[in-house]
Amino acid sequence: HRQAQKQHPAPVEKPAADEFRRLRRYAGFMHFTDATSLLTYAETDRFFIAAMLNPLAVGAYAFYSRLNEMISNLVPLKYFDNVVQPLFFGVPREESKDRIPKYFTLLMNLNWVYQFPVIVLTFVYHREIVNLIFAGKFIEHSALLPLIVAFGASDNVFSIPVTIVAQYKEKASIVLQSQVMGLYQVAAMLVLIPVVGLTGAGIATGTFHLFRNLFVWWRVRDVAIWINWRGALLSACAIWGSCGLLCFGLREFVELPAIVALACGILVCGVGTVLYIRSPAISESDRSILANILGGRESKALRLIGLLPKERGA
C-alpha cells in the first residue's frame, strides 16, 4: 500500500483562481508594508538629527531609544500577543462581531498592565534610573526617557491589536496606507527639531506612530472595540495618578539615597499594579479568556493576584 502511495501520490489541490488572486493581493500588500516600515523607526530620526544637530545628539537620542526598547522587553507581553493570534484567526466570520472585540480588549488591557507603571517610574525617576544604572550617561537629556516611553505606548499597547484585527479582516491595504503618514513624520521633524531639539524628534516620531495606529483602528473600528475603555481609563487615572503623586512626594519631600528612592518607587508601582489588575481595568471577559488559556501551574499565582477569577467553591 505504501509503495502504491509513493508511485501514485495523491494529487495536490490547487486553490481556485479567485482564491489565488486573493492570496496574491494580500501577500503583495504585506510585502510592501514590511518594506516601507523600514523607514518609520528610530533609525530615520537619527538621519535628521545628524543633519540638523550634531553627532553627540545622535548618540543621546539613540541611547534613550535603545533604553526604551530594553524596558519594553523586560516583560515580553508581545510574545503573549503571538499566543492570542490563533484565537483571532480561528474565529468564524459569523462569530466575529461577538468574539473579536473580546480578544482585542484582552490585548489592550494586558499591555496596559505593564505600560502604566513603566510610564510612572520613568516620569518620576528618569534621572535616578540613568544615573544609577547607566552611570549618568547623557543625563542632561534624561527627560527624553519618559517622553519616548509614553509615546512608545502606541506601539507597545495599540499597534499589535489593531494590526491583527486588520489582518483578520484581510484589510492589509489599510496597514500599507498608514505608512504614508511617514510624510507627516518628516515634516514634523523639519519643523520641531530646530525649535526644541531632541524633544522635537521624540514628539515627531511618537505622534507619527500614534496617528498611524489610529488610522488603522478607524478603518476597522466596527470590530476593534475596546469594550471596557471607560472603566479602564477611570481606573488608570485613579490608581496611576495616585501612584505618580506618591512617588513624586517621596522623591521631593523625603530625603533618601537615590537607590532607596527608586526602590520605594518600584514598590509603590508594584502595589499599584496589583490594584490595577483587581480593578475594572481588566474586564470579566478578559479573566474568562485567560482562565481558559492559562490552566497550568501558573494559574494559582494569577488567581492570587486577582488576574484570574476564583475557582468555584473556593
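The values are calculated or read from the model by the stated rules, or taken from the named source; none is laboratory data. Since the structure is predicted, the reported quantities are computational estimates derived from the model, not experimental observations. Cβ sites come from the backbone with ideal geometry, for glycine too, and all protein chains shown count toward neighbours. Areas reflect the complete protein model, heavy atoms only, side chains present, ligands, DNA and RNA absent. Shrake-Rupley method; radii C 1.70, N 1.55, O 1.52, S 1.80 Å.
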Practice prompt. Filter the stretch 152-173 down to residues that are crowded, with 18+ Cβ neighbours inside 10 Å and either modelled with pLDDT under 80 or among the aromatic types (Phe, Trp, Tyr) (or both) and give me whichever is nearest to the chain's Cα centre (by Cα).
Written response: Phe158
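Can you confirm whether Gln179 is open to solvent by less than 20 Å² (accessible area, probe 1.4 Å) and in contact (Cβ under 8 Å) with a residue 12 or more places away in the chain?
Numbers: open to solvent by less than 20 Å² (accessible area, probe 1.4 Å): no; in contact (Cβ under 8 Å) with a residue 12 or more places away in the chain: yes.
It is false that Gln179 is open to solvent by less than 20 Å² (accessible area, probe 1.4 Å) and in contact (Cβ under 8 Å) with a residue 12 or more places away in the chain.
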Response to the item:
Only unsatisfied item for Leu256, checking (1) part of a loop (DSSP other than H, G, I, E, B); (2) more than 24 Å from Phe123 (Cα to Cα), is (2)
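Which of the following residues is at pLDDT 90 or above and either outside any helix (DSSP H, G or I) or open to solvent by less than 90 Å² (accessible area, probe 1.4 Å) (or both): Ala301, Ala232? So that I can check it myself, show each step before the final result.
Details: Ala301 fails: at pLDDT 90 or above.
After ruling out the rest, the residue left standing is Ala232.
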Discussion item. Of all residues being of a type in the set (Asp, Glu) and within 23 Å of the chain's Cα centre (by Cα) in the stretch 244-287, which is most open to solvent (accessible area, probe 1.4 Å)? Just the residue, please.
Written reply: Glu284
Worksheet item: Restricting attention to the stretch 200-222, which residues are open to solvent by less than 10 Å² (accessible area, probe 1.4 Å) and of a type outside the set (Phe, Trp, Tyr)?
Response: Gly200, Ala201, Gly202, Ala204, Gly206, Asn213, Val216, Val220
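Look at the stretch 147-170 and say how many of its residues are more than 30 Å from Arg127 (Cβ to Cβ) and touching a His at 6+ places or on another chain (Cβ under 6 Å). Before you say what the answer is, go through the steps one by one.
Going through the stretch 147-170, the residues more than 30 Å from Arg127 (Cβ to Cβ) turn out to be 160-170.
Applying the additional criterion that residues be touching a His at 6+ places or on another chain (Cβ under 6 Å) yields none.
Residues in the stretch 147-170 being more than 30 Å from Arg127 (Cβ to Cβ) and touching a His at 6+ places or on another chain (Cβ under 6 Å): 0 in total.
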Item to complete: Have a look at Leu132, Leu121 and point out the one that is modelled with pLDDT of 90 or more, open to solvent by 10 Å² or more (accessible area, probe 1.4 Å), out of contact with any Phe, Trp or Tyr (no Cβ under 6 Å at 6 or more places or on another chain) and aliphatic (A, V, I, L, M).
Response: Leu121
Worksheet item: In the stretch 106-139, which residues are over 30 Å from Pro86 (Cα atoms) and touching a Leu at 6+ places or on another chain (Cβ under 6 Å)?
Response: Thr122, Tyr125, His126, Glu128
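Please go through the stretch 200-221 and give me each residue that is in a helix (DSSP H, G or I) and of a type in the set (Lys, Arg), ordered by number. Explain how you work it out, then say what you get.
As a first pass, look at the stretch 200-221 and keep what is in a helix (DSSP H, G or I): 200-219.
Arg212, Arg219, listed by residue number.
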Discussion item. Within the stretch 78-118, take every residue that is within 20 Å of the chain's Cα centre (by Cα) and among the polar types (S, T, N, Q) and give me the one that is most open to solvent (accessible area, probe 1.4 Å).
Written reply: Asn82
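Restricting to the stretch 187-199, name every residue that is assigned to a helix (DSSP H, G or I) and either of a type in the set (Lys, Arg) or surrounded by fewer than 22 Cβ atoms within 10 Å (Cβ to Cβ) (or both). Full working, then the answer.
Kept after step one, since they are assigned to a helix (DSSP H, G or I), are these residues of the stretch 187-199: 187-196, 198-199.
Hits for the stretch 187-199 are Ala187, Ala188, Leu190, Val191, Leu192, Pro194, Val195, Val196, Thr199.
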Worksheet item: Is it the case that Leu262 is touching an Asp or Glu at 6+ places or on another chain (Cβ under 6 Å), outside any loop (DSSP other than H, G, I, E, B) and closer than 21 Å to Gly241 by Cβ?
Response: yes
